[in-house]
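The values are calculated or read from the model by the stated rules, or taken from the named source; none is laboratory data. These numbers come from a predicted model, not from an experiment. Cβ placement follows ideal geometry from the backbone for every residue including glycine, while neighbour counts extend to all protein chains displayed.
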Amino acid sequence: MIAWMATRPLAAQSAQLAATSPMGWNSWNHFATRVTDADVRATADIIVSSGMRDAGYIYVNIDDAWQGERDAQGVLHPNSKFPDMKALADYVHSKGLKIGIYSGPGPKTCGGYVGSYQHEEQDAKMWADWGIDYLKYDMCSMGRIINQEAKGDPQKHLELDKAVYDKMHKALLATGRPIVFSLCQYGWDDVWKWGPEVGGNLWRTTGDISDNYTRMSEIGFMQFNLAPYAAPGHWNDPDMLEIGNGGMTHDEYITHMSLWVILAAPLLAGNDLSKMTPDTLAILTNRDAIAVDQDKLGKQGYRVAAQGATEIWEKPLSSGAKAVGLFNRGDSASSVTLDLKSVGFGAGAKLHDIWAGKDVMATGGSYTVQVPMHGAVLLKVWK
């Protein structure tokens with residue numbers, strides 16, 4: 001009982017983080033291992049000047065490739081691209097933003113840099129001293145170690161998987177600094193079922209996203225049965241946004257953003273903000289779309305209908321309204337009809353087309369719209 005009472009406030013502290021899905025930017029999708037201190041500072045500047053900060057993009061997250069080597073005392077020093085992490089964190093904080101870092105439970109990260117293996121408490125304290133607000137913790141080389149130790153036993157694999165994340169969670173709590181904990185282990189062992197147990201504020205549910213429609217849609221639409229596992233403080237994460245990286249069409253990026261906000265997914269931009277087009281900025285900062293993602297009810301959306309290449313998804317909102325996505329996964333434009341009764345509304349319901357920025361009218365209890373190839377229409381529906 002005494003131990004339980006001692007740990008409860010710390011667990012409550014963890015649960016209060018990420019009351020809505022984290023929003024921000026991550027360096028990996030565009031910069032990969034090339035990211036530098038200057039890139040992060042420039043990104044922070046643009047997040048402010050572009051209006052992204054005011055739209056809710058708060059976290060500036062450094063992914064892999066900041067690490068140098070450990071010294072004789074085990075302290076992990078940044079490499080030459082990051083000369084002063086405390087100063088960098090202070091700079092990001094001075095912009096009214098928060099800063100994130102990347103590591104993993106294994107000896108090496110995905111990029112071959114030094115991980116936190118056997119130095120969890122030491123690294124967590126260092127990050128807290130720097131002023132870090134967010135940790136992405138990526139399985140990578142630890143996955144091989146777990147596979148070897150589990151020897152094909154699924155239960156043992158699950159126990160080991162949970163243990164490495166719980167160890168870092170306890171190390172983060174011990175620092176006394178609130179740090180969002182992002183579990184990156186690609187959905188192994190049904191992480192959505194136990195992520196909260198090990199302090200996860202969000203957990204990856206899939207392998208990596210790519211900047212193409214096939215991969216993005218595969219990842220996004222496969223989330224249809226995970227809604228019960230999302231709640232304030234604990235979110236399913238289908239990976240970062242590719243919007244603006246150039247591999248998809250405008251309509252495909254509209255689908256990307258529409259699906260992610262209905263999923264209440266983290267919105268972590270992954271593009272080069274210094275080369276962002278007005279079109280990209282408009283998608284990323286659409287206030288009504290962001291409001292769907294950030295709704296305080298904290299409900300993840302789910303699929304309510306699928307016919308051929310078209311799908312309809314809904315997301316309950318705190319106001320009693322719902323966000324409804326009409327998706328066309330086909331290779332040509334298609335007419336999609338929403339029966340208002342199928343999403344719990346009568347013929348008198350009001351509809352607002354979020355991307356068109358205008359109210360639209362239902363007729364006879366239904367709404368029909370032409371949806372472009374690989375496109376989406378995102379509606380807010382209310383009585």
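Some notes on this structure:
- Meets criteria (touching a residue at least 60 places away in the same chain (Cβ under 8 Å), surrounded by fewer than 22 Cβ atoms within 10 Å (Cβ to Cβ) and out of contact with any Pro (no Cβ under 8 Å at 6 or more places or on another chain)) for residue 225: yes
- Residue in segment 224-237 that is of a type outside the set (A, V, I, L, M), in contact with a helix residue (DSSP H, G or I) (Cβ under 7 Å, 6 or more places away or on another chain), over 19 Å from residue 303 (Cα atoms) and modelled with pLDDT of 95 or more present: yes
- Test: residue in segment 178-190 that is more than 15 Å from residue 202 (Cβ to Cβ) and either of a type in the set (Ser, Thr, Tyr) or not assigned by TED's automatic domain parsing to the domain that holds residue 126 (or both): no
- Residues within segment 275-324 that are under 22 Å from residue 49 (Cα atoms) and of a type in the set (Ser, Thr, Tyr), tallied: 3
- Taking the conditions (1) closer than 15 Å to residue 262 by Cα; (2) outside any strand (DSSP E or B) in turn, residue 347 satisfies each one other than (1).
- When residue 200 is tested against (1) closer than 20 Å to residue 270 by Cα; (2) part of a loop (DSSP other than H, G, I, E, B), exactly one condition is not met: (1).
- Residue among 46, 58 that is out of contact with any strand residue (DSSP E or B) (no Cβ under 6 Å at 6 or more places or on another chain) and in contact (Cβ under 8 Å) with a residue 24 or more places away in the chain: 46
- Criterion (under 21 Å from the mean Cα position of the chain (by Cα), buried (at least 16 other Cβ atoms within 10 Å of the Cβ) and among the small types (Gly, Ala, Ser)) met by exactly one of 100, 143: 100
- Number of residues in segment 351-361 that are surrounded by fewer than 18 Cβ atoms within 10 Å (Cβ to Cβ) and either in contact (Cβ under 8 Å) with a residue 60 or more places away in the chain or part of a loop (DSSP other than H, G, I, E, B) (or both): the value is 4.
- Of the listed requirements (1) over 26 Å from residue 328 (Cα atoms); (2) surrounded by fewer than 24 Cβ atoms within 10 Å (Cβ to Cβ); (3) of a type in the set (Phe, Trp, Tyr), residue 203 misses just one: (2).
- Any hit, segment 282-289, residues being outside the structural domain of residue 246 (by TED's automatic domain parsing) and within 28 Å of residue 244 (Cα to Cα): no
- Scanning segment 261-270 for residues that are in contact (Cβ under 8 Å) with a residue 60 or more places away in the chain and buried (at least 24 other Cβ atoms within 10 Å of the Cβ) turns up 261, 262, 264, 265, 266, 267, 268, 269.
- The residues listed here are 141, 116; of these, the one that is out of contact with any Gly (no Cβ under 6 Å at 6 or more places or on another chain), touching a residue at least 12 places away in the same chain (Cβ under 8 Å) and among the polar types (S, T, N, Q) is 116.
- Beta carbons closer than 7 Å, at least 6 apart along the sequence or on distinct chains, pair a first residue in segment 332-350 that is assigned by TED's automatic domain parsing to the domain that holds residue 369 with a second that is in a helix (DSSP H, G or I) for 346/340; 347/340; 349/340.
- Which listed residue is buried (at least 19 other Cβ atoms within 10 Å of the Cβ) and out of contact with any His (no Cβ under 9 Å at 6 or more places or on another chain), from 364, 348, 375, 325: 325
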